Structure formats: C-alpha cells, structure tokens
Amino acid sequence: MQLQKQDKDSGISLYSNDVSTIARRLKDELDKYVIGNEDVKTAVIVGLLTGFPTLLIGDPGTAKTYTIELLSRMIGDIKPEELFIVLAHEAMTPEDIFGNVNLKKLREEGVLEYITEGFLPSAKLVFIDEI
C-alpha cells in the first residue's frame with residue numbers, strides 16, 4: 001500500500017481555526033491506511049494539534065511508526081526534511097539526535113557547532129522510536 005505524496009498546497013494545514021475539522025480529516029485519512037489502533041491514532045493527532053509530547057506504548061509491529069510517517073505526509077505544513085525519526089538504542093550519541101559536529105569550524109575556529117539540518121533541532125515533528 002503506497003501513500004501518494006501530497007503537494008504542500010493539497011496537504012492538511014495545521015494553521016486553521018477549526019481544530020475539530022482538522023482532527024477529523026487527519027483521522028479519516030489515517031483510517032484509510034491503518035486498521036484499528038484507534039488509541040494510537042487519537043494520541044498522535046491530539047499530540048500534534050496541542051504541541052504536547054506524546055508517548056506511545058504498544059507491542060512491536062502495531063503500526064506506531066507507520067502512523068507517524070503517514071501523518072507527517074498528510075500535513076501540508078511539514079516538509080519531509082522537517083520530520084525527524086530516530087530509533088533509540090543504548091549506544092546513542094548526541095550526534096544521533098543533534099547532528100554531526102562541524103569539523104571544519106572546530107578545526108579552524110575552535111568552535112563546537114553541530115550541523116543540525118535533518119536532525120531534531122531543525123524538525124517540526126519528532127518521533128523517537130523504541131525509547
């Protein structure tokens with residue numbers, strides 16, 4: 001099953017005054033691709049619309065990550081590069097979250113700076129998987 005990538009203009013905008021309409025549209029779109037899992041769908045939509053972090057707890061293989069990926073494609077206000085998904089593991093380093101150190105700047109200027117494009121600091125939607 002392939003979700004068609006939507007143009008920025010055709011996606012669902014989060015910048016509307018009618019939150020219930022946005023929530024209903026997001027839920028209807030998710031229902032086309034994710035069967036069941038109503039708690040997960042509701043939680044991610046509420047978290048997205050309120051801006052509060054959402055913790056999803058469930059067995060592996062229950063479409064938690066898939067739901068987040070689908071949702072990010074449905075929203076016209078989020079570009080693919082503004083979605084940050086990382087699989088948590090015990091050997092994680094700051095670079096896994098914040099990006100790589102800009103070695104050129106460190107060598108030449110002695111300044112520790114991270115290249116954050118594509119990582120958490122530049123993201124509008126963040127999903128830390130298997131935390």
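Listed values, structure above:
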{"read-out": "Segment 30-43 - residue that is surrounded by 12 or more Cβ atoms within 10 Å (Cβ to Cβ) and either assigned to a loop (DSSP other than H, G, I, E, B) or in contact with a Gly (Cβ under 6 Å, 6 or more places away or on another chain) (or both) and, of those, modelled with the highest pLDDT", "value": "V34"}
{"read-out": "Filtered residue count, segment 87-107, keeping only those that are touching a Leu at 6+ places or on another chain (Cβ under 7 Å) and open to solvent by less than 60 Å² (accessible area, probe 1.4 Å)", "value": "2"}
{"read-out": "Scope segment 19-38; condition among the acidic types (D, E) and touching a residue at least 12 places away in the same chain (Cβ under 8 Å); matching residues", "value": "E29"}
{"read-out": "I78 being modelled with pLDDT of 90 or more, touching a helix residue (DSSP H, G or I) at 6+ places or on another chain (Cβ under 7 Å) and surrounded by 14 or more Cβ atoms within 10 Å (Cβ to Cβ)", "value": "no"}
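Matching residues to (1) open to solvent by less than 30 Å² (accessible area, probe 1.4 Å); (2) modelled with pLDDT under 90; (3) part of a helix (DSSP H, G or I):
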{"position": "L14", "(1), (2), (3)": "no, yes, no"}
{"position": "D28", "(1), (2), (3)": "no, no, yes"}
{"position": "I45", "(1), (2), (3)": "yes, no, yes"}
{"position": "G58", "(1), (2), (3)": "no, yes, no"}
{"position": "I68", "(1), (2), (3)": "yes, yes, yes"}
{"position": "I85", "(1), (2), (3)": "no, yes, no"}
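The values are calculated or read from the model by the stated rules, or taken from the named source; none is laboratory data. Predicted, not measured: the structure shown is a model, and the values here were computed from it. Backbone-built Cβ (ideal geometry, glycine too); neighbour counts: all protein chains shown. Surface accessibility is based on the protein's heavy atoms, side chains included, excluding ligands, DNA and RNA. Shrake-Rupley method; radii C 1.70, N 1.55, O 1.52, S 1.80 Å.
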